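The values are calculated or read from the model by the stated rules, or taken from the named source; none is laboratory data. Note that this is a predicted model, so its numbers are computed, not measured. Here the Cβ is made from the backbone with ideal geometry for all residues, glycine too, and neighbour counts use every protein chain on show. Surface areas here come from the heavy atoms of the whole protein model, side chains and all, with no ligands, DNA or RNA. Shrake-Rupley method; radii C 1.70, N 1.55, O 1.52, S 1.80 Å.
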Amino acid sequence: MINSAEEFISLRNSEIKEEYDRSAQEEAPIHVWIDIINRFPEYQKWVAHNETVPLEILEELCRYGPETRQFVATKRKLSKDLFYVLAKDPDPTVRQSIAANKKTPIELLNILTNDNDEDVARVAQYNIKNR
C-alpha cells in the first residue's frame, strides 16, 4: 500500500513501467490523496483522472480551479449531489463537461438544456438525444 504523497508521486514519475503500473492501480489512503492535491497542485488533474480515487477526493477537488473541476466533471462515478453542484458551476466549461457526461442524470440534463450558455444547452440536448 502507498503510504505517502511523495511515494505516490515518485512512482507516478518513475521511468520504471512496472512501478508506474502498480501506482496507477493501487488504492492510496485518503490522507495520501489529500496530501497530493494540497502539496502538489500540479497533480490535481491527474488525481481527478485516476481510476482508484475515492469519491470524497473528487468532492475535495471541486474546491480548486475550473480546470480541475472540469476534469472532475468528466468522471462517471460522481455522486448525484456532486453532479448537481458541478452543474451550477460558474464556469461554463465545467457545466459543459457535466452536460456531456454519459452518467449525468436525465433530470439534470433537462435543466441544463435551459442553461444561459448556448454550448452547455446544446451539449445537454445532444446527450439526451443519444441516450
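Between ASN130 and ASN38, the distance separating the two model label sites (each 7 Å from Cα on the Cα→Cβ line) works out to 3.9 nm.
The Cα-based radius of gyration of the chain, divided by its Kirkwood radius, gives an Rg/Rh of 1.05. Once the Cβ-Cβ distance of GLU6 and GLU51 is raised to the sixth power relative to R0 = 25 Å, the FRET efficiency obtained is 0.70. Size descriptor for region 72-131, Kirkwood hydrodynamic radius: 10.8 Å (Cα pairs only, one decimal).
Excluding ligands, DNA and RNA, what is the solvent-accessible area per residue of the chain at a probe of 1.4 Å, expressed in Å²?
Working: 7350 Å² over 131 residues.
On a per-residue basis, 56 Å².
Note on LYS80 and GLU59: their simple-model spin labels are 1.5 nm apart, each label 7 Å out from Cα toward Cβ. Once both labels are positioned 7 Å from their Cα atoms along Cα-to-Cβ, the gap between LYS103 and ARG122 label points is 2.7 nm.
List the DSSP H helices in the chain whose Cα atoms stretch 27 Å or more along the helix axis and whose mean Kyte-Doolittle hydropathy is at least -0.5. For the chain, where a helix must reach 27 Å along its axis and average at least -0.5, there are no hits. Of the listed residues SER10, SER4, the order by accessible area with a 1.4 Å probe, largest first, is SER10, SER4.
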